[in-house]
Amino acid sequence: MACHEGHTELNSPTASTSFLIQNYRRQDVSFVRGNGCYLYDGAGREYLDAFAGVAVCTLGHSHPKLVETLSRQAATLIHTSNHYGQLGQEELAARIVPEAFPGRMLFCNSGTEANEAAYKLVRLWGNVAHEGRKRRIIAFEGSFHGRTLGSLSITHTPSYRAPFEPLPPTDFVPFGDADALAAAMKDDVAGVFLEPIQGESGVHVPPPGFLARVRELCTRHQALMVADEIQTGIGRTGRMFCHQHEGITPDVMSLAKGLGGGIPIGAVLATEPVAALMTPGLHGTTFGGNPFACAAGLTVMKEVTSPGFVGNVVERGLQLMEGLRRIFGPTHEVRGKGLLVGVQLQRPPAELVKAALAQGLVVGVAGNNTLRIAPSLIITAVQVDELLEKLAAAHRAQG
Ligand SMILES: *Cc1c(COP(=O)(O)O)cnc(C)c1O
């Protein structure tokens, strides 16, 4: 721990003295240690973590099983590259596929990379399986799929896109509007990308039946339905994968965030006919799915699929949303499912985030006016109450 504590003096460089490119607006706090649902800064101050590193730390911080597996894996084998057999990938895929839908997986390092791989599968679907007759890509207004150029091209937020044009063309359709999608769908569509719940742009839950309509339209036009479950997957919304709330399956699913519990890993799962299009040499990654990352993923999957785990997400989610409605009243919409929850605020959320930090509570932001709460999935009922008390105090402090 001493070496971490030693970083304390480094926490204070200002924008002008930092050696880092200033591409982030960071909070004025640096954490040096974590334990369960709690984080600690250099001065030893405790914070309840209701953001989990952007819905990543599924098992909280320093979970004993993750610490144990990763220590063991680090001492055994960290990396060999995809030039050799990857037993960790085999084992992890064998855990994920039966929880999702029949198909095959490809592992990478992040969310945006998972969507790049998904995008390439969609291209192969249009260019190879349909001999170039399908080139059009559809995504939704308010979407967020990542920051690399392919993923950015299907990300809607103009301020993220505009500085990096030209990007591959995408047709954007209003989120949750199945009729608009029906009007936009033609047989030249290769793929439709969507988040089952839009996370980044404000925790927007589509109307019931929407995913089923998207599924139907994709099937009718032989377009691939790509579910970006990077934020919503791995138990986050109270089902293993969010699309399961509607009893449908996509053709391709991307995963990342919660899968590694904090160790970078991404993945795509594609149905067999789609997966078969990705022949040797068409795609690859040096680090993707190395033994260390897969050990993390396997530990997370074992925990999340253990009896009662996802049930806790459902119960804590209901407790959280009910408490938030009590605190904020009917003037603020509370949206979400499971432990992915947003509160629509009437002013920029930065103030409330700061006030929460002052109360020892870490919360996030989505879009430009939504408070985002996405704690570790191991959060207890008592900790949800603590979260609500601290947030209520922060809300009151704002007046
Ligand atoms: C976070 C996120 C991404 C991007 O993941 P990175 O690991 O930051 O590249 C893509 N899609 C969704 C839905 C996300 O929430």
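The values are calculated or read from the model by the stated rules, or taken from the named source; none is laboratory data. Source: prediction; values computed, not measured. Using ideal geometry, Cβ is built from the backbone for each residue, glycine included, and neighbour counts are taken over all protein chains shown. For accessibility, only protein heavy atoms count, side chains too; no ligands or nucleic acids. Shrake-Rupley method; radii C 1.70, N 1.55, O 1.52, S 1.80 Å.
Listing for the model above:
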| item | result |
| --- | --- |
| Qualifying residue in the range 103-110 (condition: within 16 Å of the ligand (Cβ to nearest atom), among the charged types (D, E, K, R) and open to solvent by 80 Å² or more (accessible area, probe 1.4 Å)) | no |
| Checklist (1) on the phi > 0 side of the Ramachandran plot; (2) among the small types (Gly, Ala, Ser); (3) within 14 Å of the ligand (Cβ to nearest atom) applied to residue 201, failing item | (1) |
| Conditions (1) farther than 18 Å from residue 121 by Cα; (2) touching a His at 6+ places or on another chain (Cβ under 8 Å); (3) crowded, with 23+ Cβ neighbours inside 10 Å; number of the one not met by residue 172 | (3) |
| So residue 159, is it out of contact with any Phe, Trp or Tyr (no Cβ under 6 Å at 6 or more places or on another chain) and either within 16 Å of the ligand (Cβ to nearest atom) or modelled with pLDDT under 95 (or both) | no |
| Set 225, 185: member being over 16 Å from the mean Cα position of the chain (by Cα), open to solvent by less than 10 Å² (accessible area, probe 1.4 Å), within 16 Å of the ligand (Cβ to nearest atom) and under 30 Å from residue 132 (Cα atoms) | 225 |
| Search result, residues across the range 195-220 that are out of contact with any helix residue (DSSP H, G or I) (no Cβ under 8 Å at 6 or more places or on another chain) and either among the hydrophobic types (A, V, I, L, M, F, W, C) or surrounded by fewer than 19 Cβ atoms within 10 Å (Cβ to Cβ) (or both) | 203, 205, 207, 216, 218, 219, 220 |
| Qualifying residue in the range 5-21 (condition: under 23 Å from residue 352 (Cα atoms), open to solvent by 50 Å² or more (accessible area, probe 1.4 Å), free of Cβ contacts under 8 Å to residues at least 40 places away in the same chain and assigned to a helix (DSSP H, G or I)) | yes |
| Any hit, the range 199-207, residues being at pLDDT 95 or above and more than 22 Å from residue 255 (Cα to Cα) | yes |
| Residue match in the range 266-283 (condition: open to solvent by 30 Å² or more (accessible area, probe 1.4 Å), under 20 Å from residue 338 (Cβ atoms) and either within 16 Å of the ligand (Cβ to nearest atom) or among the aliphatic types (A, V, I, L, M) (or both)) | no |
| Among the candidates 235, 260, residue that is closer than 23 Å to residue 74 by Cβ and either within 16 Å of the ligand (Cβ to nearest atom) or of a type in the set (Gly, Ala, Ser) (or both) | 260 |
| Residue within the range 128-145 that is of a type in the set (Asp, Glu), over 23 Å from the mean Cα position of the chain (by Cα), open to solvent by 10 Å² or more (accessible area, probe 1.4 Å) and more than 14 Å from the ligand (Cβ to nearest atom) present | yes |
| Hey, residue 43 hydrophobic (A, V, I, L, M, F, W, C) and either in contact (Cβ under 8 Å) with a residue 60 or more places away in the chain or over 30 Å from residue 383 (Cβ atoms) (or both) or not | no |
| Scan of the range 285-294 for residues that are in a loop (DSSP other than H, G, I, E, B) and either open to solvent by less than 60 Å² (accessible area, probe 1.4 Å) or within 16 Å of residue 254 (Cβ to Cβ) (or both), ordered by number | 285, 288, 289, 290 |
| Any hit, the range 378-385, residues being buried (at least 20 other Cβ atoms within 10 Å of the Cβ) and assigned to a strand (DSSP E or B) | no |
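One line per residue, one yes/no per condition, for (1) under 27 Å from residue 74 (Cα atoms); (2) open to solvent by 30 Å² or more (accessible area, probe 1.4 Å):
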| site | (1), (2) |
| --- | --- |
| 296 | yes, no |
| 307 | no, yes |
| 322 | no, yes |
| 332 | no, no |
| 335 | no, no |
